[in-house]
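Colleague: Supplied in structure tokens, the structure appears directly below.
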Amino acid sequence: METIAHLSLGFGVALTLKNIALCFVGCLVGTLIGVLPGVGPIATISILLPITFGLDPTGALIMLAGIYYGAQYGGSTTAILVNIPGEATSVVTTLDGHQMAKQGRAGVALGTAAIGSFFAGCVATVIIAALGAPLTKLALLFGPAEYFSLMVMGLCFAVVLARGSILKAFCMIMLGLLFSTVGTDLETGQERLTFGIPALSDGIDFSVLAMGVFGFAEVLRNLEAPEARDVVKGKIGRLLPGWDDIKQSIAPVLRGTAIGGILGILPGNGAVLGPFASYTMEKKLAKDPSRFGKGAIEGVAGPESANNAGAQTAFIPLLTLGIPPNAVMALMVGAMTIHGIIPGPQVMTRNPELFWGMIASMWVGNLMLLVINLPLVGMWVKLLQVPYRLMFPAILIFCCIGIYSVNNQPLDVAFTALFGLFGYLLIKLGFEPAPMLLGFVLGKLMEEKLRQALIISRGSFVTFVERPISAGLLVVAVLVLAIALLPSIAKKREEVFTE
Amino acid sequence: MSLNRIERAQGLRVRSTQDLAGGLFMIVLAAGAFIFSWDLPAGTLRQLGPGMLPKAFAVICAALGAMLALASLRYHGEKLSGWSWKGIFFALGGALLFALTIRGFEFGPIRVPALGLLVSGPLLIAFSGLAADDRKIKELLIFAVGMSAACILLFKYALSLPIPLAPWLLGI
């Protein structure tokens, strides 16, 4: 019953007029930017980060959570209406969602996605509230060695679950770790890899890296290909699914929520697997699998629920252990740090109203999505018709003003342009930049924990395998890597990610 | 892609220029990081020094790069494709113009006064907008003015971020 007390505290915070308004604005602008084709949640959050700067930490986090849900949902809208997935997790939605849209049932697809997501979001909120307290207690048992091993395991998962070649994902993680070492050494105060540039003595700025690699580089990538946008013409149709649709979707929504919620908790981008797993499962369970890919409503309801459930339970490792499981959550760490909050088990004990307020606002955010998105579908469709030649200068000016506002430093804008070029180079070389961001954020924490663990163990690496929890985590890490490298699994993995 | 798609090679030749370039890129970056962290003491295992991790990461990066480059000789993969020089020049150039003009800039004989968002905004949009193949100059100019006005209202007034508006004209 502790959970209920916590949740009521949270709702007390989240349901103040100011915080509801912030959540509303967050969801609205999150969807507004997220719905733009080629702008995924990572880019959306990095572009919108600066608009939270003037707020108090609780308000800022509530707004960020709103932006996050809005961005997620905006990605699904683009997937259904334009057949462009904003990110890996909405790839599956394009398969049946866009077909439904072509059959004049775009409204029903969007409605089912929203309702399924809302349901999944409600369940996931309860899961977070229920697991938050016990996991935080578990986290207090963790010493530096366990933390280090946990992060190693998370990075191994991230390598395995990244799109494309495992070797290239590995390269990106290591590059992120390498970048994280730039700046003043915490213990000795010596400058590392700063090339004598004062701006680098605090390390590479997180928002500069994120906006360069995900904002600018994305623009460069999109500029290169003449756009082929397949916006659904004709009517959206009615939004609310009919009784038959609902009957068909209930079971997939329930299954999708369960799968997505469980996978989302895994450290290392588990959430990305949710929609794929859900889609495969629905196809296997269906009486007539051939309907899939031709506009089956189950193919929208299940994966969308899994997507949202995973997107939300991915907060669990972040809030309880302070370890971001994927690039979007890494971005949330960056955002929290800017507001002076270091994510981890101490947040719940030291700022309970912030912790539970944010969790409650997740539910509010999901409700908002339902309330604002469905009536506004017409507006999103109009927005989708804005040509890219006007869209990218707008994205650029948002980014520039945003980065400038982080430190009021024009030099940061120039650095971001440099990272934009760097990110474009990575894309050209076939590297997926998302794991780099994760490595970058985890790098500093890993170094700190590694040093602490080695001091405690008097310089012996055996400590990582001697302590049972730490050893267990490392064994899982090795197993995951080994399994992924087995030829038969590797082939399957490739099929999943190219589908 | 390359590692997974196992196609036995008959002799070695470059099968994926993208992977080869990627591998070499990693090696060059890692070598740079290694050279620049050369002077940093690595410390001992008991007390890691500032140089330990940069060097260790650099070595791993280089090893991964080498694996990637070697893999490109055996496994088929993507080829390198062309660059969008126009995008780089106009889009990134626009951002640089913004950085130079927003608060002014002084570098040797070159002096740029602080022009503020009122000028830097339209400048950025108009210049970067030239990168599009289907650009329409008139539309772009109108959009630059309108979008900048919207940004000023949003960021300067609604969110009250401390961004200079037009110090040369309005003093703020």
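Colleague: What's the center-to-center distance, using Cα atoms, between the range A:283-328 and the range A:392-453 in Å?
Modeller: About 28 Å separates the Cα centre of the range A:283-328 from the one of the range A:392-453.
Colleague: Could you please report the charge total around A:Ile197, scoring K, R as +1 and D, E as -1 over all other residues with beta-carbon less than 14 angstrom from its beta-carbon?
Modeller: So the surrounding residues net to -3.
Colleague: Calculate how steeply helix A:91-100 sits against the longest principal axis of the alpha-carbon atoms of chain A, using the helix alpha-carbon long axis, and give the answer as 0 to 90 degrees to the nearest 10.
Modeller: Long axis of A:91-100 versus the principal axis of chain A: about 10 degrees.
Colleague: Roughly how many whole Å is it from the C-alpha centroid of the range B:104-172 to that of the range B:22-65?
Modeller: Using only Cα atoms to place each centre, the spacing works out to 41 Å.
Colleague: For the residues A:Cys156, A:Cys399, B:Cys151, A:Cys122, what sequence is obtained by ranking on other C-beta atoms within 10 Å, fewest first?
Modeller: In increasing order of surrounding Cβ atoms, one gets A:Cys122, B:Cys151, A:Cys156, A:Cys399.
Colleague: Separate question: Convert each backbone phi in the range A:165-171 into a coupling constant with the Karplus relation 6.51 cos²θ - 1.76 cosθ + 1.60 (shift: θ = phi - 60°), then list the ³J(HN,Hα) values in order as whole Hz, x for Gly and Pro.
Modeller: Those phi angles translate into 5, 5, 4, 5, 4, 4, 3 Hz.
Colleague: Return the FRET efficiency for the residue pair A:Leu367, A:Ala133: r is the Cβ-Cβ distance, R0 is 35 Å, and the value is rounded to the nearest 0.05.
Modeller: After rounding, the FRET efficiency stands at 0.90.
Colleague: Can I ask one more? Any chance you could run the full-extension gain for A:Glu2 through A:Ile483? It's 0.36 nm times the residue separation minus the Cα-Cα distance, nm to one decimal.
Modeller: 169.2 nm
Colleague: Based on DSSP loop calls and a cut-off of at most 10 other Cβ atoms within 10 Å, the longest stretch of chain A free of exposed trypsin sites (Lys or Arg not before Pro) is what?
Modeller: A:1-232
Colleague: What pairs from A:Lys247/A:Lys294; A:Lys247/A:Lys283; A:Lys102/A:Lys284; A:Lys382/B:Lys138; A:Lys294/B:Lys136 go past 28 Å between their alpha carbons?
Modeller: Check vs 28 Å cut-off fails for A:Lys294/B:Lys136.
Colleague: Enumerate the amide H contacts of A:Arg192 below 5 Å, restricted to partners 5 or more residues apart or on another chain; note that Pro and chain-start residues carry no placed amide H.
Modeller: Here A:Gly183, A:Thr184, A:Asp185 satisfy the definition.
Colleague: I would also like to ask the following. Apply 1/(1 + (r/R0)^6) to the Cβ-Cβ distance of B:Glu139 and A:Lys382, taking R0 = 22 Å, and write down the FRET efficiency to the nearest 0.05.
Modeller: Approximately 0.80, to the nearest 0.05.
Colleague: At 222 nm, what helix-only mean residue ellipticity would the protein assembly as shown give, in deg cm²/dmol to the nearest 500, using -39500 (n - 2.57) for each DSSP H run of four or more?
Modeller: The helix-only estimate for the protein assembly as shown comes to -21000 deg cm²/dmol at 222 nm.
Colleague: What shape does the range B:50-172 take by its C-alpha gyration tensor, where a ≥ b ≥ c are the square roots of the eigenvalues and a/c under 1.5 counts as rounded, a/b above b/c as prolate, and the rest as oblate?
Modeller: It comes out prolate by the Cα gyration axes.
Colleague: Would you please classify the overall shape of the range A:346-385 from the alpha carbon gyration tensor, given that a ≥ b ≥ c denote the square roots of the eigenvalues, rounded means a/c under 1.5, and beyond that prolate means a/b larger than b/c while oblate covers the rest?
Modeller: Verdict is prolate for the range A:346-385.
Colleague: Under the rule a/c < 1.5 gives rounded, and otherwise a/b versus b/c splits prolate from oblate, where does the protein assembly as shown land using the Cα gyration tensor?
Modeller: Cα axes put the protein assembly as shown in the rounded bin.
Every number here is computed from the coordinates shown, using simple stated rules; none is lab data. Note that the coordinates shown come from a computational prediction; the quantities given were computed from them, not determined experimentally. Counting neighbours? That spans all protein chains shown, and the Cβs are built from the backbone with ideal geometry, glycine included.
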